[in-house]
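One structure is given below, encoded as structure tokens.
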Amino acid sequence: INAEYGGVLKHFATCGEVPESVEGKECEGVAFISGIASGRDGVVTSSNNKVLETWSWSGERLASTVAVKRPTAVQVSPTDGRVIVSDKAGDAYSYTFKLTDRHYLLGHVSVVMDCIMSRDGKYIVTCDRDEKIRVSHYPNCYNVQSYLMGHTEFVHGVVHASDTTLASIGGDCTLKLWDLTTDTCTSTHTSPVPFTSISYLPSLLLLSTADTLSIHSANNPNNQISTVTVPGGVASTAVSGDTVAVLTLSGVLLYSISNDGVLGEAVRVEDGVEAVKWSEMVVSKLPERKKPAGVKGFQAYFERKRKRIEDETAKAEAKIDAS
């Protein structure tokens, strides 16, 4: 979509179009695009039926494959141009832009809900349903830089607010800022309802709930600059420059953002919005809350593990002495 006047520049795919199979693997169900990212070579999309596709900027489909599990997020590395895919099994993989040469990167013990790359491409940040944010070196993701602990529910959105600051949203209705140089939480903003998405603009954060958009200061998220109620609800958002496009259940809306962070009046995109009929399926259903394990849960786990190792070591030593 042209962000200036709202015209549709290019259609990459028709939502609901399901290939019978890709690489001999059968695809089932009605397809809708669940993730999208852009890189130097074009655009990558993921669908709810596990299909990954890459597209040239002219709209030509370059490649397609079936992911190992249903993707939860897609990214393109700014350094090597590889496609990064996280999935509901808690794993992340990388592919070439032609979707070949799949490499396993990392794994969580629960669903990975979002995945982003650092601006310099040296780190990959993943968050999961167990309140954890993991910062790993890329491409050697077995080398973990840090874990950021502080959310009390699932974490489903992360963005870089600066080269050394990370912003995250979770099911505990909070927005948190993290200092990556000290691995500590520096600020927390609490909302009466859960945030559904988060995006970064220069010095600003754009957040959405089920039916609102709001602009916050990236340095102080408690400073809410402006907010609007979106007619038709918010299914998904995309930011380009000083414009945010909002997919709603009644169409696509464009909102301008002033230099001081004030949201303008909505402009409706009139052309090429047939895909909106699928938007009811695109609206993300946040998982149910669960009893949080929190940091104490991890401490108890590691204490049990330490005790088990000590017991096994003592048994082995006793067996050696007896023989």
- Just name the residue that is surrounded by the most Cβ atoms within 10 Å (Cβ to Cβ) out of those in region 125-155 that are among the β-branched types (Val, Ile, Thr) and outside any loop (DSSP other than H, G, I, E, B). THR126
- Query: Restricting the search to region 110-121, which residues are over 19 Å from CYS185 (Cβ atoms), in contact (Cβ under 8 Å) with a residue 24 or more places away in the chain and in a loop (DSSP other than H, G, I, E, B)?
  - Reply: VAL111, ARG119, ASP120, GLY121
- Taking region 156-188 and keeping only residues that are part of a loop (DSSP other than H, G, I, E, B) and charged (D, E, K, R), one is left with ASP163, ASP172, ASP183
- Item | Yes/no for SER256 being more than 14 Å from VAL159 (Cα to Cα), surrounded by fewer than 21 Cβ atoms within 10 Å (Cβ to Cβ) and in contact with a helix residue (DSSP H, G or I) (Cβ under 9 Å, 6 or more places away or on another chain) | no
- Restricting attention to region 157-209, and to residues there that are closer than 15 Å to ALA238 by Cα and small (Gly, Ala, Ser), which single residue is surrounded by the fewest Cβ atoms within 10 Å (Cβ to Cβ)? SER199
- Would you say VAL244 is within 30 Å of PRO192 (Cβ to Cβ), at pLDDT below 80 and hydrophobic (A, V, I, L, M, F, W, C)? no
- Query: Within region 145-155, is even one residue of a type outside the set (Gly, Ala, Ser), in contact with a helix residue (DSSP H, G or I) (Cβ under 8 Å, 6 or more places away or on another chain) and touching a residue at least 24 places away in the same chain (Cβ under 8 Å)?
  - Reply: yes
- Output the strands (runs of 3 or more DSSP E) that fall wholly within region 202-261 and possess 1 or more residues being over 22 Å from HIS160 (Cβ atoms), or say none. 212-217, 224-229, 243-248, 251-257
- Would you point out the residue of region 44-54, among those that are open to solvent by less than 10 Å² (accessible area, probe 1.4 Å) and not small (Gly, Ala, Ser), that is farthest from VAL83 (Cα to Cα)? VAL51
- Task: Could you tell me whether region 126-141 includes any residue that is among the aromatic types (Phe, Trp, Tyr), under 22 Å from SER86 (Cα atoms) and modelled with pLDDT of 95 or more?
- Result: yes
- Query: Restricted to region 248-267, and to residues that are more than 20 Å from ASN223 (Cα to Cα) and among the aliphatic types (A, V, I, L, M), which residue is modelled with the lowest pLDDT?
  - Reply: LEU249
- Query: Looking at region 78-86, is at least one residue open to solvent by less than 50 Å² (accessible area, probe 1.4 Å), within 20 Å of SER236 (Cα to Cα), modelled with pLDDT of 95 or more and in a strand (DSSP E or B)?
  - Reply: yes
- Before we move on, is SER217 of a type in the set (Ser, Thr, Tyr) and under 19 Å from the mean Cα position of the chain (by Cα)? no
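The values are calculated or read from the model by the stated rules, or taken from the named source; none is laboratory data. Everything quoted here is computed from the prediction, not taken from an experiment. Positions of Cβ are generated from backbone atoms using ideal geometry, with glycine treated the same way; all protein chains shown enter the neighbour counts. Accessible surface is based on the protein model in full, side chains and every heavy atom, while ligands, DNA and RNA are left aside. Shrake-Rupley method; radii C 1.70, N 1.55, O 1.52, S 1.80 Å.
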